[in-house]
1. Counting only residues that are among the charged types (D, E, K, R) and part of a strand (DSSP E or B), which one in region 224-272 is farthest from SER188 (Cα to Cα)?
2. Select, from HIS277, HIS325, the only residue that is touching a Leu at 6+ places or on another chain (Cβ under 6 Å) and not in a helix (DSSP H, G or I).
3. I'd like the full set of residues that are touching a residue at least 40 places away in the same chain (Cβ under 8 Å) and open to solvent by 50 Å² or more (accessible area, probe 1.4 Å), limited to region 254-278.
4. Among the residues of region 221-250, what is the count of those that are touching a His at 6+ places or on another chain (Cβ under 7 Å) and closer than 30 Å to ARG180 by Cα?
5. In this structure, is GLN311 assigned to a strand (DSSP E or B) and among the polar types (S, T, N, Q)?
6. Residue under question is PHE218, and the condition is that it be at pLDDT 95 or above, open to solvent by 10 Å² or more (accessible area, probe 1.4 Å) and of a type in the set (Phe, Trp, Tyr); does it hold?
7. Restricting to helices (runs of 4 or more DSSP H) lying wholly in region 75-150: which have 3 or more residues that are under 30 Å from LYS288 (Cα atoms) and open to solvent by 20 Å² or more (accessible area, probe 1.4 Å)?
Amino acid sequence: LMAAGGATHSGDSGLIWFRLPYSCLPFKALGFESLPQAAGLTNLGNSCYLNAALQCIASTNSVAELTRCADAAGGRSNFAAAFAELISSLRAPKSGCRSAARLIQCVGALDDRFSSGTQEDAHEFALALLGLLHDTLNRTNSKDPPLQFPEVTPRTRDELEAAGCPPSLVEEVVASRCWRIGLQREASVVTDAYQGQARTRNHCSQCQYSQVRFEPFFDLSLCTTGEQGHFSTLREVLIATFKKPSAVSWHCPRCQRQVVAGQTCSLWKLPSTLMVHLKRYDGSSTSKLGHSVEVPLELDLTPWVSTSSPQKTEPLYELIGVVEHEGDSLRHGHYTAQACRGGVWYTFDDSRVAVSGSSPHLRQDRVTLAFYQRRGDRGAMVRQDPEQPATWPHAPAAEWRSTVNSQ
């Protein structure tokens, strides 16, 4: 499909690169009556990695509230002001090209990994950016010591059950205690949108002692290879991560020494916006793993959520953005993004913007980062409160909230 005049067709990909006003493009042939506009980002020299990550973050449901909070904090933070200004311009209803120069300068001043002008990893930048935003927008301003989360041990189970807690609720009570402690120290629009909770169980092979931990996460960073070779789908990756037990070295509290333990992981609380990182390296080198991993447009996480963890909302997600990397090394090559805005998918290649239509043209061997939005989460963000379990992703039965809140 070719727009008249100066738009160029990108070969077999089905993309149209914009060189004309949007009014010149044949929208109806793409299945749309009209098309929302999208802006590109200038490559300032090796900045493609952050351009791609920013275009995906700008497409999330939470970005409006994130931008509003950053704008409100702009008077006390140059970084927050730069973020709000850039994202607002990317979301404005007009095309063209923007510059992330001010934001790069602010991020580099706070994190020297991004101050040298060299190409970095898009996933590391996304985590760093969200981490800086969280630190800036943290509602608690707590100066307490580092967090110490309670764990589920045989003693914990005995104490809770002796107090009348049903055995089926023991883990949920401990998980909720952990969530509450976390929100007392770390609570922002970033945690509201991106933070989930994972369950990890270690079982000693020597004395059969078991321990369950609940820890927060901002993304799922997943290995794309296993003992049998490369995984070809995200489903295979999730099965290997959350269904198959692994043998790990673990310090057993009962044996008081390092032992081989069986470890299983599952998801407990799920975020509104889910960031999935596909590891494209084997850990022994920086060479990239270039095999295809199929990333679905719709993702059902039900099989990997613990059966003891009731969800308020079904764990059904829709793909809203991906970061793709072309090249043989993580520190070299070129990053691009595909993201959905207003039901329309675009490809962002720095300053160039192409329309894909109602679905993306994914290059499955290049996807390194995928952004998913929980289905139905289109309204205002829920501000989570440590003293209001009703605002959490889920909470224990009402009669056990006093147990949750006790220390």
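The values are calculated or read from the model by the stated rules, or taken from the named source; none is laboratory data. This one's a predicted model, so the numbers in the text were calculated from it and none came from an experiment. Cβ sites come from the backbone with ideal geometry, for glycine too, and all protein chains shown count toward neighbours. What goes into the accessible areas is simple: the full protein's heavy atoms, side chains included, and nothing from ligands, DNA or RNA. Shrake-Rupley method; radii C 1.70, N 1.55, O 1.52, S 1.80 Å.
1. Ranking the candidates gives ARG257 first.
2. On the way: HIS325 fails: touching a Leu at 6+ places or on another chain (Cβ under 6 Å).
Step by step, each of HIS277, HIS325 is checked, and only HIS277 is touching a Leu at 6+ places or on another chain (Cβ under 6 Å) and not in a helix (DSSP H, G or I).
3. Of region 254-278, the ones touching a residue at least 40 places away in the same chain (Cβ under 8 Å) are 254-255, 259-278.
Result: ARG254, VAL260.
4. Counting residues in region 221-250 that are touching a His at 6+ places or on another chain (Cβ under 7 Å) and closer than 30 Å to ARG180 by Cα gives 2.
5. Values: assigned to a strand (DSSP E or B): no; among the polar types (S, T, N, Q): yes.
The answer is no for GLN311.
6. yes
7. 101-110, 122-137
Results for (1) more than 19 Å from the chain's Cα centre (by Cα); (2) hydrophobic (A, V, I, L, M, F, W, C); (3) more than 30 Å from PHE242 (Cβ to Cβ); (4) open to solvent by less than 50 Å² (accessible area, probe 1.4 Å), shown as yes or no for each residue.
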{"position": "VAL295", "(1), (2), (3), (4)": "no, yes, no, yes"}
{"position": "ASP300", "(1), (2), (3), (4)": "no, no, no, no"}
{"position": "GLY321", "(1), (2), (3), (4)": "no, no, no, yes"}
{"position": "GLY342", "(1), (2), (3), (4)": "yes, no, yes, no"}
{"position": "ASP349", "(1), (2), (3), (4)": "yes, no, yes, yes"}
{"position": "SER356", "(1), (2), (3), (4)": "yes, no, yes, yes"}
{"position": "LEU362", "(1), (2), (3), (4)": "no, yes, no, yes"}
